[in-house]
Number of protein chains: 4
Amino acid sequence: MCRRLNIKMNQSIQTNQLNPYAIQLCTLGRWIAQRQWLPAGSGLFSVRTSEHSALFTAPDKDKNELSPADLFSYDWTRQNQSDTAIAIHQFLYQQSPQHKVILQTHGLQATVFSRLIKADQHLFVGYELQNVVAVSEPQRSCCPLAILDPQATELTLQELHQRFERGTLAHAFLIRGHGLYVWGDTIDNAKRHLEAWQFLIGCELERIKASCHFN
Amino acid sequence: MCRRLNIKMNQSIQTNQLNPYAIQLCTLGRWIAQRQWLPAGSGLFSVRTSEHSALFTAPDKDKNELSPADLFSYDWTRQNQSDTAIAIHQFLYQQSPQHKVILQTHGLQATVFSRLIKADQHLFVGYELQNVVAVSEPQRSCCPLAILDPQATELTLQELHQRFERGTLAHAFLIRGHGLYVWGDTIDNAKRHLEAWQFLIGCELERIKASCHFN
Amino acid sequence: MCRRLNIKMNQSIQTNQLNPYAIQLCTLGRWIAQRQWLPAGSGLFSVRTSEHSALFTAPDKDKNELSPADLFSYDWTRQNQSDTAIAIHQFLYQQSPQHKVILQTHGLQATVFSRLIKADQHLFVGYELQNVVAVSEPQRSCCPLAILDPQATELTLQELHQRFERGTLAHAFLIRGHGLYVWGDTIDNAKRHLEAWQFLIGCELERIKASCHFN
Amino acid sequence: MCRRLNIKMNQSIQTNQLNPYAIQLCTLGRWIAQRQWLPAGSGLFSVRTSEHSALFTAPDKDKNELSPADLFSYDWTRQNQSDTAIAIHQFLYQQSPQHKVILQTHGLQATVFSRLIKADQHLFVGYELQNVVAVSEPQRSCCPLAILDPQATELTLQELHQRFERGTLAHAFLIRGHGLYVWGDTIDNAKRHLEAWQFLIGCELERIKASCHFN
């Protein structure tokens, strides 16, 4: 059995190394890690490979050193997932075939922001970069960022489901103290959504800190 | 027609690749992008090529990957411009033949500062680096940074016109939440004005945040 | 005698250059220095080489330029240590054979945090990255970071001894204004503990700064 | 005369390129510029070449691109200096033969700090890194940083003279809004003093900002 597992692993490594999405995801991983949005090996990325499967980054892997061999394939029709972060990725893939790349990151500013805001969402108003993440015309002028409390996986998925129904997710949400999730229909768009949200969150956090003086 | 367009694009790419200003602008683009003043492909640069034309960066282009082939030529005697950012560049070129390079950036601190200050300008006093951006002797000791609200293109241009008449622009202005514009008579001077204003804005923002304690 | 010393030094240099832990420690030194957690040559690293000896970094050495030749071996059964920082490393090695790598750093945020918190420890609650540093199940949800005042070496060691007895150390402690100590059973784990604590401290410091506005 | 000047300049360039201090100063220039303590070509460095002469960096030169050819020699027995920054360097060289390298920088945090503190000096207490800059035993536990207002060159030099007499300069002083001056008896020590002061100033500025919440 050990030999069969080795063969399977080698096949998986070879397959991933030839997969252009796997290579792009690793390149993006290094780009994100260099911005220090993935401290101490945190964060989880995935890229869809079929209607019901995706390639995931190995847990705790330093994304500065990510290579295709560090990705594993996960098919949700065959496995029952207990890990909350993976279950959230699976849920997002099941919401829409347009969800093709999902990135969970642990940036310092996003983490602080998620703790600071007590409401279940924050509305961004007056930033030109809202255009990058808006999913509807109204979101261009008033763009919500959902903030969920960490809780049992099932409850988190229920809450996300309701937010999707109400159309209050703009390619992203925060789980308090547990990271920022963003997604897109391509690796480039997921990267743009991540960069835009990190910028918007960073701006709003600075604005709150500087507002001490004015209010 | 498709073939003619291809030929025209190829000519444009070849021309730009031989244009030393195009190459310098791309080098500057990478320098600015590395400071993270152009999140998610934001920002617009241009360099004058004649009395009534300039080379512009393609919209949404990641400036870390800018090459001369990503620039397009725009002649304002032949086209009617609806995009606000391009119209502002055109207006600045028309104000003075000394305006040869224009940079719009989206730095986090400039964005926050533009939101924090409610007045239509902010006066900088006591910084040695005011010397870098001052356009008159009095501005060396008291240097204004204009802050405009985002509005219809025509109104923005009218307001800029009035500010130029009153001499209250020191190589730069902010549009609230929509970026910092700087210009210069060379690429090097535009870069220096950008760097000096980012420094001055960053200082003033920190000073405001720290002043909580003192006032 | 001068010749014997030279031979001994050359042997030590050659030995260290072949020691894989020495090479890894130098690589880690550059990684930490690039994050600017070791200003002006500050900080002290060591890696255990036997039950009662370890390799230490030379004092005041810029860790950006660390090479195995800059490490010296120290055996605490043969020498009596007066330097506080080295004595703390020795104490930590004597507490447990699982302590194999110790890093003292001087990050700006950790230094400020250690001055700001007046209590003898700070409890971290609500951060997913507590999982990285927790030494017990309860620390996953409420993780203490001990903060000691700088004092005579003997008193510092006594206080550390009491904290170990009470189980209130999660792979790290701060000495007010005198740096952050972290440790691990491998170089990779010590690095992860360092990175996680720098993140947690940075988050909490930002949260305190932003809380002005809310409380 | 034009030819003689050319010959003299060429000689100067050749001499500087062979001068090991000139090369080290340029290397240090790039290191400092990469930390963004020299925005928009600001800052002035010099290295002593004799009892009454030194090599200076060219004004407004981007220190990221500093080469020995950008240094010029200045002999204060032959010239009368009107530039305030150069006059301050000259004064420091005349104070002590141990002053061999002088660095003026424009870091954002040092600039903000110099504006925030209204007193004519700030006392640093409780930081281990005070040891790096202290010039006397008492300064190890309480280390002053002098802060002067910008004023006529003659008055600045008089005030500096008084501070030296009183022994209240710890290898550095600030001129409000006009930069930080540090010095040392070697390039390495000047660099260490710069790095330590930037750290100490950065810590104190953060401490002040975070103290809003506590006081």
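Do we find a residue being of a type in the set (Gly, Ala, Ser), touching a residue at least 12 places away in the same chain (Cβ under 8 Å), part of a strand (DSSP E or B) and at negative phi anywhere in the stretch C:180-188? Show your work before the answer.
Our first condition is that a residue be of a type in the set (Gly, Ala, Ser); within the stretch C:180-188, this holds for C:184.
Now narrow it down to the ones that are touching a residue at least 12 places away in the same chain (Cβ under 8 Å): C:184.
Still in the list and also part of a strand (DSSP E or B): C:184.
Next, only the ones that are at negative phi stay: C:184.
Yes, some residue in the stretch C:180-188 is of a type in the set (Gly, Ala, Ser), touching a residue at least 12 places away in the same chain (Cβ under 8 Å), part of a strand (DSSP E or B) and at negative phi.
Out of C:Ser67, C:Ser53, report the one residue that is of a type in the set (S, T, N, Q) and in contact (Cβ under 8 Å) with a residue 40 or more places away in the chain. Being of a type in the set (S, T, N, Q) and in contact (Cβ under 8 Å) with a residue 40 or more places away in the chain holds for just one of C:Ser67, C:Ser53, which is C:Ser67.
Per the conditions (1) in contact with a strand residue (DSSP E or B) (Cβ under 6 Å, 6 or more places away or on another chain); (2) closer than 18 Å to B:Ser42 by Cβ, the sole criterion not satisfied by B:Tyr74 is (2).
The residues of the stretch A:95-115 that are touching a residue at least 24 places away in the same chain (Cβ under 8 Å) and more than 14 Å from every other protein chain (Cβ to nearest Cβ), listed by number, are A:Gln95, A:Pro97, A:Gln98, A:His99, A:Lys100, A:Val101, A:Ile102.
Search the stretch D:15-30 for residues being open to solvent by 40 Å² or more (accessible area, probe 1.4 Å) and either among the β-branched types (Val, Ile, Thr) or modelled with pLDDT of 95 or more (or both), and hand back the single one that is nearest to B:Lys191 (Cα to Cα). Before the answer, list the steps.
Taking the stretch D:15-30 as the starting set, the residues that turn out to be open to solvent by 40 Å² or more (accessible area, probe 1.4 Å) are D:15, D:17-18, D:20-21, D:23-24, D:27, D:30.
Imposing the further condition that a residue be either among the β-branched types (Val, Ile, Thr) or modelled with pLDDT of 95 or more (or both) reduces the set to D:15, D:23, D:27, D:30.
Numbers: D:Thr15: 32, D:Ile23: 26, D:Thr27: 23, D:Arg30: 18 Å.
That would be D:Arg30.
Considering the stretch C:73-91, and only residues there that are more than 14 Å from every other protein chain (Cβ to nearest Cβ) and assigned to a helix (DSSP H, G or I), the residue that is nearest to C:Asn189 (Cα to Cα) turns out to be C:His89. Among the numbered conditions (1) open to solvent by less than 30 Å² (accessible area, probe 1.4 Å); (2) touching a residue at least 40 places away in the same chain (Cβ under 8 Å), the only one that C:Tyr74 does not meet is (2). Of the residues making up the stretch C:23-46, those that are within 14 Å of chain D (Cβ to nearest Cβ) and either basic (Lys, Arg) or touching a strand residue (DSSP E or B) at 6+ places or on another chain (Cβ under 9 Å) (or both) number 6.
Residues in the stretch D:125-151 that are away from chain C (no Cβ under 14 Å) and touching a residue at least 12 places away in the same chain (Cβ under 8 Å): D:Val135, D:Ser136, D:Gln139, D:Pro144, D:Leu145, D:Ala146, D:Ile147, D:Leu148, D:Asp149, D:Pro150. Scan the stretch B:176-197 for residues that are more than 7 Å from every other protein chain (Cβ to nearest Cβ) and open to solvent by 10 Å² or more (accessible area, probe 1.4 Å) and report the count. So the count comes out to 7. The set of residues from the stretch B:162-175 being in a loop (DSSP other than H, G, I, E, B) and more than 14 Å from chain D (Cβ to nearest Cβ) comprises B:Gly167, B:Thr168, B:Leu169. Of the helices (runs of 4 or more DSSP H) lying entirely inside the stretch B:92-151, those containing at least 3 residues that are over 30 Å from D:Gln151 (Cα atoms) span B:108-116. Can C:Ile201 be described as modelled with pLDDT under 95 and either within 14 Å of chain A (Cβ to nearest Cβ) or buried (at least 19 other Cβ atoms within 10 Å of the Cβ) (or both)? Here the answer is no, as C:Ile201 does not meet what is asked. The set of residues from the stretch C:84-122 being under 20 Å from A:His106 (Cβ atoms) and among the hydrophobic types (A, V, I, L, M, F, W, C) comprises C:Ala110, C:Phe113. Please determine whether any residue of the stretch A:48-65 is within 14 Å of another protein chain (Cβ to nearest Cβ), more than 26 Å from A:Phe91 (Cβ to Cβ), at pLDDT 90 or above and assigned to a helix (DSSP H, G or I). Among the residues of the stretch A:48-65, at least one is within 14 Å of another protein chain (Cβ to nearest Cβ), more than 26 Å from A:Phe91 (Cβ to Cβ), at pLDDT 90 or above and assigned to a helix (DSSP H, G or I), which makes the answer yes. Out of B:Leu92, B:Leu157, B:Leu129, B:Leu148, one residue alone is open to solvent by less than 50 Å² (accessible area, probe 1.4 Å) and in contact with a Lys or Arg (Cβ under 9 Å, 6 or more places away or on another chain). It is B:Leu148.
If you scan the stretch C:95-124, which residues turn out to be among the basic types (Lys, Arg), over 15 Å from the mean Cα position of the chain (by Cα) and open to solvent by 60 Å² or more (accessible area, probe 1.4 Å)?
First, the residues of the stretch C:95-124 that are among the basic types (Lys, Arg): C:100, C:115, C:118.
Still in the list and also over 15 Å from the mean Cα position of the chain (by Cα): C:115, C:118.
Listed by number, the list holds a single entry, C:Lys118.
The values are calculated or read from the model by the stated rules, or taken from the named source; none is laboratory data. Because the structure is predicted, anything quoted here is derived from the model rather than measured. With ideal geometry, Cβ positions are generated from the backbone for all residues, glycine too; neighbour counts draw on all protein chains shown. Surface areas here come from the heavy atoms of the whole protein model, side chains and all, with no ligands, DNA or RNA. Shrake-Rupley method; radii C 1.70, N 1.55, O 1.52, S 1.80 Å.
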